[in-house]
Each structure stands twice: as C-alpha cells, then as structure tokens.
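> This is the structure, below, for whatever I ask next.
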Amino acid sequence: MDNRGELLKNFDKIHTTALGTERIRRNLSLDIDNVVEWCKKKISSSEACIERRGKNWYISADNCIITVNAYSYTIITAHKKDLEQYA
C-alpha cells in the first residue's frame, strides 16, 4: 500500500492535543478555530506529498509540513516550509 493510502485509510483517527492545537496555530500563524479540520484538509489534498519516516508521517502541502504520529494518528506539529532552501 502506498503512503497516501495507509494514512488516509485511518483518516478519521487523526486528532491533536490542546497543546498541539496551540503549537500549530503559533507555528503557522493561523487564526482559525478548528486546527484539526484545517490540517485534515491539507492532508487529503490531491497535491499533498505524504511520506512515512520511522514513527511519523510527514505531509507537505501548500508551503507547510504537518507531522503526524504513525501509531496514534496525533498531529504533533506543523511548520512553514523554509522557502529559502528551495530557491
């Protein structure tokens, strides 16, 4: 099974903690209520690049990288991509 299929098969299990919500808001400068739904929208995007490395999934979409634990499906964090490294 490809990376996308394995993660999306468990899409309904994706969640985060209260601290994770605040960390994601701060890191991405988001001003939204439902961070999990925002992340799930990015993860399910057809343009998202999903890769599993060790115990985590790394989802690259729309200039951000979302990290999800592969066992608990907890969104650990999200960061803006460092665009300078791609220039």
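> Looking at the chain, I'd like the Rg to Rh ratio, where Rg is from alpha-carbon atoms and Rh is Kirkwood's inverse mean 1/r. Numbers along the way, then the final one.
Working: Rg = 12.3 Å, Rh = 13.0 Å.
Ratio value, two decimals: 0.94.
> Taking the Cβ-Cβ separation of HIS15 and LYS81 as r and a Förster radius of 25 Å, what is the calculated FRET efficiency to the nearest 0.05?
Working: r = 24 Å, r/R0 = 0.94.
That pair, HIS15 with LYS81, gives E of 0.60.
> Okay, moving on. With 18 Å as the limit, write out which pairs from LYS9/LYS80; LYS13/LYS80; LYS13/LYS55 have Cα-Cα distances beyond it, or answer none. If you can, show how the numbers build up before the last one.
Details: LYS9/LYS80 26 Å; LYS13/LYS80 24 Å; LYS13/LYS55 16 Å.
In this structure, LYS9/LYS80; LYS13/LYS80 exceed 18 Å between Cα atoms.
> I've got another one for you. Counting only heavy atoms of the protein chains, get the accessible area per residue of the chain (1.4 Å probe) and round it to a whole Å² value.
On a per-residue basis, the chain sits at 63 Å².
> Still on this structure: Report the gain in length on full extension from TYR71 to VAL36: 0.36 nm times residue separation, minus Cα-Cα distance, nm rounded to one decimal. Let's see the in-between values first.
Working: separation 35, 0.36 × 35 = 12.60 nm, distance 1.70 nm.
That pair, TYR71 and VAL36, stretches by 10.9 nm at full extension.
> Treating only the Cβ atoms of Lys and Arg (+1) and Asp and Glu (-1) as charged, compute the dipole magnitude of the chain about its Cα centre; round to the nearest 20 debye. Write out the running numbers ahead of the final one.
Numbers: 14 positive and 12 negative charges, 50 e Å.
Rounded to the nearest 20 debye, it is 240 debye.
> If you don't mind, there's one more thing I want to ask. Could you tell me which of SER29, SER46, TRP57 has its Cα farthest along the dipole of the chain towards the positive end, charges placed at Cβ (Lys, Arg +1; Asp, Glu -1), taken about the Cα centre?
TRP57
The values are calculated or read from the model by the stated rules, or taken from the named source; none is laboratory data. What you see is a predicted model, and the numbers here were worked out from it, not measured in a lab. All Cβ positions, glycine included, derive from the backbone under ideal geometry; neighbour counts span all protein chains shown. Please note that ligands, DNA and RNA were not included when accessible areas were found on the heavy atoms of the full protein model with its side chains. Shrake-Rupley method; radii C 1.70, N 1.55, O 1.52, S 1.80 Å.
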